[in-house]
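Visitor: Sharing a structure here in structure tokens format.
The values are calculated or read from the model by the stated rules, or taken from the named source; none is laboratory data. Since the model is a prediction, treat every value here as computed from it, not as a measurement. Note that we place each Cβ from the backbone using ideal geometry, even for glycine, and neighbour counts take in every protein chain shown.
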């Protein structure tokens, strides 16, 4: 079994898929901005979307298409540089028009096209550019690593790194392959629901139904994409899509199910970590391990409150061991606990014990440990069974600069 990786692709890719990217002129940079993935004959699909009440046109259309087809997708069309959100009925019409263009190119019904967009909100989508790019995207399709990497690169916006991960495992002498790619560097505080800006696309050659995929995806997302935050802002376009071509000769039954669930978990966790690690202006990646809370939900509420606290995040940016901010953030998370039972360590060093500063607190040593790129903060809340693992980051001047000038 291979390990998930966020480095360029090296393992065998899932059978049945082809990928490509082209330049349509949507991104101001002139870089590739249209990505296409195709499964001839269609793939079983499951997706989770943002729980924001304001959603982009492709989220609305994508949900509708999955419902109408019973979870069947022939092609995925992604544009970067324009979110197609808060664009009214013209935005919906533009999304549908692009789906129709792809469907005509591949001889399927347009409901089998899954659309995604990422970029600036409130700007009309130049759909004519998107439609005009479809023939070139079709011609560029391939099933090699460079094709999959081209797809994964074209979906990026403020990202600075390619975010891909792979897993393979054998069942009865046959190999199941899984490939995932993601984009996201800011506006990351996903709370995906089954009905994440973060876009994640997962491809496998396992044979599975849409219902099976939905169940497996929900479990993987809970402890990966729903357990990260860069800035706490939930996007209008967040999407995680899992596609299964069924071309690998292994069905989702027996021992293949737990094996695939484990592989999917590793891929999702790898991509989630990569998103935070490439966050806008990030200089420190901080893992929060909360234990002893009344329930897992309570532990996650504490973790999320700390992860999104501006005071905590700015302290992390300068490696300031200000444990008081951690305790104060936990105290406003809406979870009952007794501070006299709490233990806090930063990078394994004690900072707070049973209601007061730890007797062995070493400010200089803790500052040095927090100066590393990554470290873990562990908080024992009490004697409860609730636990949470959450990945977040610091807040820097660079993040402010990037987002202050984003639309201009």
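Visitor: From the list 91, 71, pick out the single residue that is over 24 Å from residue 126 (Cβ atoms) and at pLDDT 95 or above.
Guide: Numbers: 91 fails: over 24 Å from residue 126 (Cβ atoms).
Of 91, 71, the one residue that is over 24 Å from residue 126 (Cβ atoms) and at pLDDT 95 or above is 71.
Visitor: Restrict the check to segment 91-113 and report whether at least one residue is assigned by TED's automatic domain parsing to the domain that holds residue 37, in contact with a helix residue (DSSP H, G or I) (Cβ under 6 Å, 6 or more places away or on another chain) and over 20 Å from residue 135 (Cα atoms).
Guide: Yes, there is a match, as at least one residue in segment 91-113 is assigned by TED's automatic domain parsing to the domain that holds residue 37, in contact with a helix residue (DSSP H, G or I) (Cβ under 6 Å, 6 or more places away or on another chain) and over 20 Å from residue 135 (Cα atoms).
Visitor: Considering only segment 368-400, state which residues are surrounded by fewer than 17 Cβ atoms within 10 Å (Cβ to Cβ) and either in a loop (DSSP other than H, G, I, E, B) or in the same structural domain as residue 121 (by TED's automatic domain parsing) (or both).
Guide: 371, 372, 373, 383, 385
Visitor: Identify all residues within segment 1-27 that are modelled with pLDDT under 95 and part of a strand (DSSP E or B); write none if there are none.
Guide: Passing the criteria: none in range.
Visitor: Which of (1) assigned to a loop (DSSP other than H, G, I, E, B); (2) crowded, with 24+ Cβ neighbours inside 10 Å does residue 124 not meet, given it meets every other one?
Guide: If we test residue 124 against (1) assigned to a loop (DSSP other than H, G, I, E, B); (2) crowded, with 24+ Cβ neighbours inside 10 Å, just (2) comes out false.
Visitor: Restricting the search to segment 334-367, which residues are in contact with a helix residue (DSSP H, G or I) (Cβ under 6 Å, 6 or more places away or on another chain), assigned to a loop (DSSP other than H, G, I, E, B) and surrounded by 14 or more Cβ atoms within 10 Å (Cβ to Cβ)?
Guide: 335, 347
Visitor: For residue 23, only one of the following conditions fails: (1) touching a strand residue (DSSP E or B) at 6+ places or on another chain (Cβ under 8 Å); (2) surrounded by 21 or more Cβ atoms within 10 Å (Cβ to Cβ); (3) on the phi < 0 side of the Ramachandran plot. What is its number?
Guide: Residue 23 satisfies all of (1) touching a strand residue (DSSP E or B) at 6+ places or on another chain (Cβ under 8 Å); (2) surrounded by 21 or more Cβ atoms within 10 Å (Cβ to Cβ); (3) on the phi < 0 side of the Ramachandran plot except (2).
Visitor: Can you confirm whether residue 302 is crowded, with 24+ Cβ neighbours inside 10 Å, modelled with pLDDT under 95 and under 22 Å from the mean Cα position of the chain (by Cα)? Spell out how you get there, then give the answer.
Guide: Values: crowded, with 24+ Cβ neighbours inside 10 Å: yes; modelled with pLDDT under 95: no; under 22 Å from the mean Cα position of the chain (by Cα): yes.
No, not satisfied.
Visitor: Then there's this: If residue 263 meets every condition in (1) under 30 Å from residue 402 (Cα atoms); (2) modelled with pLDDT of 95 or more apart from one, which number is that one?
Guide: (1)
Visitor: Hey, another quick one. So in segment 284-299, with the set limited to residues that are assigned to a helix (DSSP H, G or I) and in contact with a strand residue (DSSP E or B) (Cβ under 6 Å, 6 or more places away or on another chain), which one is surrounded by the most Cβ atoms within 10 Å (Cβ to Cβ)? Talk me through it step by step, then tell me what you get.
Guide: Of all residues in segment 284-299, those assigned to a helix (DSSP H, G or I) come to 296-299.
In the following step, the residues that additionally are in contact with a strand residue (DSSP E or B) (Cβ under 6 Å, 6 or more places away or on another chain) were identified as 296, 298-299.
Numbers: 296: 16, 298: 22, 299: 27.
For segment 284-299, the residue satisfying everything is 299.
Visitor: Looking at segment 370-394, I want the residues that are under 14 Å from residue 349 (Cα atoms) and have a partner that is in a loop (DSSP other than H, G, I, E, B) with Cβ atoms under 7 Å, at least 6 apart or on another chain. Which pairs are those?
Guide: Qualifying pairs under 7 Å: 370/319; 370/321; 370/347; 371/319; 375/347; 376/347; 379/342; 380/342.
Visitor: Now a separate question. Here's a check for you: in segment 28-79, which residue that is crowded, with 24+ Cβ neighbours inside 10 Å and in a helix (DSSP H, G or I) is nearest to the chain's Cα centre (by Cα)?
Guide: 59
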